[in-house]
Amino acid sequence: MPAPLMEPAFEYCFELRCLVDEAIPLGGAEPGEGLHFARVSGGDFDGPRLRGRVLNSGGDWWTARGLTVELDARYVIEAEVTGGTAGVEVVNRGVWRIDEAGYARLLAGEHVDERELYYRTAFRFRTEHPELGWLGESQFVGYARPAPGQVVIRVFRLV
């Protein structure tokens, strides 16, 4: 008899707070649809495994189709390490989707919980700093939520 399948487990690592500029439409058949670009202009992050700042670098190229958005972000963070800081490239891809009622609440400025808004991402990190090797040796997922002028993402390592 085969062994039972392993259940996924996650380790909470840190929360990113990325400042994001207003999106620039890059095309689409309908207003609000198609490809957009939003520059990542700063921010910070902290948690039990890592802390530092988000650099004014890169951005998020996202494609909207109705109430579903495909995300493709690339930017740089600066992490605190022994004796200073180290740069880390972030590649973060994901999906944002919501139903009509939740979208109306978002437009009205109401809070929409992470359980109501599917805003999930998958991270890859790249750095050559020896203290941060663990970032490149694991897969990470994020639970994101919008905030005024920023995106907040809780980052978990898949163990």
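The values are calculated or read from the model by the stated rules, or taken from the named source; none is laboratory data. All values reported here derive from a predicted model rather than from experimental measurement. All Cβ positions, glycine included, derive from the backbone under ideal geometry; neighbour counts span all protein chains shown. The accessibility values were calculated without ligands, DNA or RNA, using every heavy atom of the protein model including side chains. Shrake-Rupley method; radii C 1.70, N 1.55, O 1.52, S 1.80 Å.
Overview of results
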{"quantity": "Label-to-label distance, nm, for residues given as Glu80 and Ala9 (7 Å Cα→Cβ offset)", "calculated": "2.8 nm"}
{"quantity": "Local net charge near Arg126, Cβ-Cβ under 15 Å (Lys/Arg +1, Asp/Glu -1)", "calculated": "-2"}
{"quantity": "Distance-filtered residues of the range 108-135 - backbone nitrogen under 19 Å, label point 7 angstrom along Glu89 Cα→Cβ", "calculated": "122-135"}
{"quantity": "Heavy-atom accessible surface of the chain: percent carbon and sulfur, 1.4 Å", "calculated": "55 percent"}
{"quantity": "Average accessible surface area per residue within the chain, 1.4 Å rolling probe, Å²", "calculated": "58 Å²"}
{"quantity": "Difference of contour (0.36 nm per residue) and Cα-Cα distance, Glu33 to Tyr118", "calculated": "28.8 nm"}
{"quantity": "Cα-centre dipole for the range 56-159 with unit charges at Cβ (Lys and Arg positive, Asp and Glu negative), debye to 20", "calculated": "220 debye"}
{"quantity": "Area accessible to solvent at Thr85, 1.4 Å probe radius, in Å²", "calculated": "80 Å²"}
{"quantity": "Helical contribution to [θ] at 222 nm, DSSP H n ≥ 4, -39,500 (n - 2.57), averaged over the chain, rounded to 500", "calculated": "-1500 deg cm²/dmol"}
{"quantity": "Amide H within-cut-off set for Gly58, under 5 Å, with H built and near neighbours excluded", "calculated": "none"}
{"quantity": "Entry for Cα Rg over 2.2 N^0.38 Å (calculated from the structure that is shown) out of [x] 1.00; [y] 1.12; [z] 1.37", "calculated": "[y]"}
{"quantity": "For the range 1-72 versus the range 106-144, the gap between their alpha-carbon centres in whole angstrom", "calculated": "7 Å"}
